[in-house]
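Report on the following structure.
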Amino acid sequence: MTGFQAAFRFIVAQQRSRVPRPAPTRQTLSLELGRARYTADYYRGGSAAATTIIFLHGMSPLGISDPRQTKAALALASAGFNVICPEIPDIRNLQVTGESIEVFIRLVETICRDAKVCPQGRAALFAPSFSGAICLKAAADSRIANLITAVCALGAFSRIERSLHYLMHTDDADAYARLIILANFLPRLKIGKGLKRYYLAAAHDNWNATASRNKNLSGFSQTKMAAAEMKRLTPAQQRLVHKIENDKPFRRELGNRLLTVMNDTLAAYNVAEVAGQVKAPVFLLHGASDDVIPARESTELYPLMRRARLVVSPFIGHADTAVSLKQLPDVWRLISGFAWYFRCAQS
């Protein structure tokens, strides 16, 4: 199958409400890293010798079971690829840690050594948003750089501090991403001690509320976990939560203070610093109006890569792969971009 054929099948598969036919087979695997075990979903869409794509899930409470993840994985499989989706608990649990990068690198090594799921001993990487940055960092690592045939990063960032600045300083920035930042880093400040559980609960509430309004998702309803956590906070903590939510100048100043306690994370997720070390071709796809990670992050990464394609589209959302065929003005650029990525992945 050519790159263009694979790209067309990938996009067409996401137009359907049902599983693509013929349906790719799906099974659950267990990947061992020392004493730790990691769950993975394996979608077989091609022959045993078909190209393997390692699809790292986004920061969703459902991990590899997120309906958007499974739909995209099935679409990749319907395009003729064998797709393996490892689940990293820290990412599923909305934790921003440098350790996730190391875990992913070791998972890639393990997968590429397994001839049953990766017979060629090399694989392509595919991931949205925060996880796209993890893939880029991993692909630059000397231990696996030669194992990667191509990378597709959807709505990734070049430097995490700029994304934090955007989320804390921009009024209409995505609330879910802002809550994750607060859950992970506000407790590092003295004033934020004891607030991690509240902000994680608020992030889950936000995710469920958004999912319940999505006409393409079913079975989700709004939750009130944050309200329960709020009752456990002291009056001073409650006042701080309300101030962060309603006092915009204070929130912006707080964002600047958070940067002072994030040195380890800033270093771990500095993608721009290692972009030139990524040997594999990289497809950067970004929504022009992305309200989580601005499109400038991909446009600034693009010239730093050895070999890359960039598509910034007004017709897709944050880290989105669901391209409507009704978006004719842009569909050709999107098909061309994915065709290039698939062609590189198969090489």
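Just so it is clear, none of the values below were taken in a lab; they were calculated from the coordinates. The model shown is predicted, which means the values in this text are computed figures rather than measured ones. Please note: Cβ atoms are built from the backbone with ideal geometry, for glycine as well, and neighbour counts cover all protein chains shown.
Placing +1 on the Cβ of every Lys and Arg and -1 on the Cβ of every Asp and Glu, with no other charges, gives segment 161-266 a dipole of roughly 360 debye about its Cα centre.
Contact order, relative form, for segment 161-266: 29 percent (alpha carbon pairs under 8 Å, 6 or more residues apart, mean separation divided by residue count). Over all Cα atoms in the chain, the spread is summed up by Rg and Dmax: 19.8, 62 Å. DSSP bridge analysis restricted to the chain gives an antiparallel fraction near 40%, rounded to the nearest 5.
Overall shape: prolate for segment 54-204, with the ratio a/c of the largest to smallest alpha carbon gyration tensor axis at 1.5 or above and a/b above b/c. Contact order normalised by length for the chain, with contacts defined as Cα pairs under 8 Å and 6 or more residues apart; what percent is it? Result for the chain is 20 percent.
With K and R counted +1 and D and E -1, the other residues having a Cβ less than 11 Å from that of residue 257 yield a net charge of +3.
Legend: calculated FRET efficiency, residue 193 to residue 102, from the Cβ-Cβ distance at R0 = 35 Å, rounded to 0.05, equals 0.80.
Only helical runs count toward this figure. For the chain, summing -39,500 (n - 2.57) over DSSP H runs of n ≥ 4 and dividing by all residues gives -13500 deg cm²/dmol at 222 nm. Candidates 56, 83, 115 compared by Cα position along the dipole of segment 33-124: farthest toward the positive end lies 115, with charges placed on Cβ.
Can you give the FRET efficiency to the nearest 0.05 for residue 273 and residue 2, using r as the Cβ-Cβ distance and R₀ = 56 Å?
Efficiency computed from Cβ-Cβ geometry: 0.95.
So if I place +1 on the C-beta of Lys and Arg and -1 on the C-beta of Asp and Glu, and nothing else carries charge, what would the dipole magnitude of the chain be about its Cα centre? I want it in debye, nearest 20.
480
Values of log10 I(q)/I(0) for segment 161-266 across q = 0.20 Å⁻¹ run -1.06, by the Debye formula with one identical scatterer at each alpha carbon and no solvent. Between residue 238 and residue 289, full extension at 0.36 nm per residue minus the direct alpha carbon distance yields a gain of 15.1 nm. Taking each residue as 0.36 nm, the span from residue 299 to residue 114 lengthens on full extension beyond its C-alpha to C-alpha distance by 63.1 nm. Applying 0.36 nm per residue to the separation of residue 306 and residue 27 and subtracting their alpha-carbon distance, the gain on full extension is 96.9 nm. For the residue pairs 190/224; 137/243; 196/224; 116/137, the C-alpha atoms sit more than 24 angstrom apart in 190/224; 137/243; 116/137. A crude spin-label estimate for the pair residue 90 and residue 221, with each label 7 Å from Cα along the Cβ direction, gives 3.5 nm.
Cβ under 11 Å from residue 60's Cβ, residue 60 left aside: what net charge do those residues give with Lys, Arg +1 and Asp, Glu -1?
On the way: positive: 68, 92; negative: 66, 87.
Local charge sum for residue 60: 0.
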